[in-house]
Amino acid sequence: MKIQVIGSGSMWTKYNSACYLIDDKIMVDFPNGACKYLYRLNIIPNTIDNIVLTHFHGDHYFDMPFYILNKSKSENKNVNVCCSKEGKSQMNKISNLAFPNSFKDACNSLNLKYNFNDDFVVEDYKVQRILVDHGRMKPAFGYIFSKDNINVGFTGDTSLCKSVEILSEKCSYLFCDCMLIRGNGKHQGIDNLEYLSKKYPNCTFVVSHLEDDTRKEIKKFKIKNVVVPDDAQIIMVK
Ligand SMILES: [Zn+2]
Ligand SMILES: [Zn+2]
């Protein structure tokens, strides 16, 4: 399994906002700027057919209107979006604002499918969705992608909660929120990662959504099973 960290930063940093590309085929989150992030890596957004969204803060889905419009102009018209039902209507709202005269036609020209289930299949992966705790933003989801006994998880934005422990227990790699130095009711922090990395030594934690001071601090810790990625870094999981 190939996971490219397209974005590892929080909004107010020079790093791209947190999002990931699996096997060049599946995007986990699609933040503001995601199309540009991909172009800068020589990845053409319309070659990607699957978008899995964790929750509906702008820094996780605001480039969806541009992605959908571009898809409608390309030859490959397959789009699968996995998200919450509330998310679909949010996406339609911002897309109609962005392209009031063409969004509906763009959707009609696409083979556009939504998936609102807790368990689903995307490409060759079995995917399980799990509710996480991101303060007042509800629902917010984490995901586990499974294939050939490999389990790789994504927390999305979350505070430390039972679901993060389940993901840590099950997954060999967990791409996780570590925005802050000290975790709060919305986001995890380095203190949470110290706890998780000790309790779940078989899991490698790839931290993301990092504020600049958090990135600097967590690099000093040199925890064996914590990876602090750069944007564009590729992680292969076997
Ligand atoms: Zn959020
Ligand atoms: Zn966020």
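Looking only at residues that are touching a helix residue (DSSP H, G or I) at 6+ places or on another chain (Cβ under 7 Å) and among the aliphatic types (A, V, I, L, M) in region 52-90, which one is nearest to ligand 1 (Cβ to nearest atom)? Once the filter is applied, the top-ranked residue is Leu53. Taken over region 137-150, the criterion of being in contact (Cβ under 8 Å) with a residue 12 or more places away in the chain, surrounded by fewer than 21 Cβ atoms within 10 Å (Cβ to Cβ) and either among the polar types (S, T, N, Q) or closer than 22 Å to Tyr61 by Cβ (or both) is satisfied by Met137, Pro139, Ile144, Ser146. Going by the conditions given, is Phe221 of a type outside the set (Val, Ile, Thr), more than 16 Å from ligand 2 (Cβ to nearest atom) and within 15 Å of the chain's Cα centre (by Cα)? No, not satisfied.
The set of residues in region 149-207 being more than 16 Å from ligand 2 (Cβ to nearest atom), touching a Gly at 6+ places or on another chain (Cβ under 9 Å) and in a strand (DSSP E or B) consists of Gly153, Tyr173, Leu174.
Looking at region 151-170, is at least one residue over 17 Å from Val206 (Cβ atoms), surrounded by fewer than 17 Cβ atoms within 10 Å (Cβ to Cβ) and touching a residue at least 40 places away in the same chain (Cβ under 8 Å)? No; the residues of region 151-170 include none that is over 17 Å from Val206 (Cβ atoms), surrounded by fewer than 17 Cβ atoms within 10 Å (Cβ to Cβ) and touching a residue at least 40 places away in the same chain (Cβ under 8 Å). Among the residues making up region 130-148, those that are in a loop (DSSP other than H, G, I, E, B) and farther than 16 Å from Gly189 by Cβ are Arg136, Lys138, Pro139, Ala140, Asp148.
Any read-out appearing in this document is the output of simple, stated calculations on the displayed coordinates, not a laboratory observation. In this text the structure is predicted, and so the values were computed from the model without any measurement. Please note: Cβ atoms are built from the backbone with ideal geometry, for glycine as well, and neighbour counts cover all protein chains shown.
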